[in-house]
1. Which condition does A:Val24 not pass, out of (1) more than 22 Å from B:Tyr86 (Cα to Cα); (2) surrounded by fewer than 13 Cβ atoms within 10 Å (Cβ to Cβ), if it passes all the others?
2. Tell me, please, whether a residue that is within 11 Å of chain A (Cβ to nearest Cβ), on the phi > 0 side of the Ramachandran plot and surrounded by 16 or more Cβ atoms within 10 Å (Cβ to Cβ) can be found in segment B:28-48.
3. Tally time: how many residues in segment A:27-50 are among the hydroxyl-bearing types (Ser, Thr, Tyr) and either surrounded by fewer than 23 Cβ atoms within 10 Å (Cβ to Cβ) or not in a strand (DSSP E or B) (or both)?
4. Within segment B:71-101, track down each residue that is crowded, with 17+ Cβ neighbours inside 10 Å and basic (Lys, Arg).
5. Would you call A:Gly16 modelled with pLDDT of 95 or more, surrounded by fewer than 13 Cβ atoms within 10 Å (Cβ to Cβ) and part of a loop (DSSP other than H, G, I, E, B)?
6. Could you pull out the residue among B:Leu73, B:Leu51, B:Leu97, B:Leu105 that is at pLDDT below 95 and either touching a Ser or Thr at 6+ places or on another chain (Cβ under 7 Å) or within 10 Å of another protein chain (Cβ to nearest Cβ) (or both)?
7. Only residues that are aliphatic (A, V, I, L, M), outside any loop (DSSP other than H, G, I, E, B) and either in contact with a Gly (Cβ under 9 Å, 6 or more places away or on another chain) or under 14 Å from B:Leu97 (Cβ atoms) (or both): list them for segment B:1-48, please.
8. State all residues of segment A:14-52 that are under 10 Å from the mean Cα position of the chain (by Cα), at the interface with chain B (Cβ under 10 Å from one of its Cβ atoms) and within 14 Å of A:Gln85 (Cα to Cα); if no residue qualifies, say none.
Amino acid sequence: DVKVTQSSRYLVKRTGEKVFLECVQDMDHENMFWYRQDPGLGLRLIYFSYDVKMKEKGDIPEGYSVSREKKERFSLILESASTNQTSMYLCASRPNGGLGETQYFGPGTRLLVL
Amino acid sequence: GQSLEQPSEVTAVEGAIVQINCTYQTSGFYGLSWYQQHDGGAPTFLSYNGLDGLEETGRFSSFLSRSDSYGYLLLQELQMKDSASYFCAVRGSNYQLIWGAGTKLIIKP
């Protein structure tokens, strides 16, 4: 089975702090994604990566950056956390050529910024 | 803009059948997917429709009409464990998934 893990289930940070969210997948997938999920808004794509060191902006990249130094690891960075970044963050991965772009999700990190 | 519309909440009785609709407006269309998410859990893939028609997987079926920009997820013989949120998602012109806001399915005994 595909396994996608995220470094923390819950995280509490203060405004202005630099925050790192880590995601690791064990199935050699080329593509990895970071979403945020807010009530009533569904999943919104922040960034994605289709290869090592490659990154593309999603729909809401402002305030975020990413890093993909190894194929299995995709990191989301909040350079200076703000309260409006309080959310559930979901990481996903997908192989090239997967049926219907099927994505495999990690358990999520619920981030609270005070 | 690109958007997907689905009901925010649907209520049904255990053992019954329920249909969750999804209409989409996207620039480019490369298939409609459905995901299930239990409270506190991660979304998991349920089904995919690339062409018009019905796809069946056990108690779950999914339908697509590209001419109507419409699809639905049909759940039969509802069980309490089916209580979850269901998301439709469309692969758009940038090859990334665009997600609906989700439908919360409430099942009563």
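The values are calculated or read from the model by the stated rules, or taken from the named source; none is laboratory data. As the structure is a prediction and not an experimental result, all values here were calculated from the model. Methodologically, a virtual Cβ is constructed for each residue, glycine included, from the backbone with ideal geometry; neighbour enumeration extends over all protein chains shown.
1. (2)
2. yes
3. Matching residues across segment A:27-50 total 2.
4. Scanning segment B:71-101 gives a single hit, B:Arg91.
5. On the way: modelled with pLDDT of 95 or more: yes; surrounded by fewer than 13 Cβ atoms within 10 Å (Cβ to Cβ): yes; part of a loop (DSSP other than H, G, I, E, B): yes.
In short, yes.
6. B:Leu97
7. Hits for segment B:1-48 are B:Leu4, B:Leu32, B:Leu46.
8. A:Tyr35, A:Leu45
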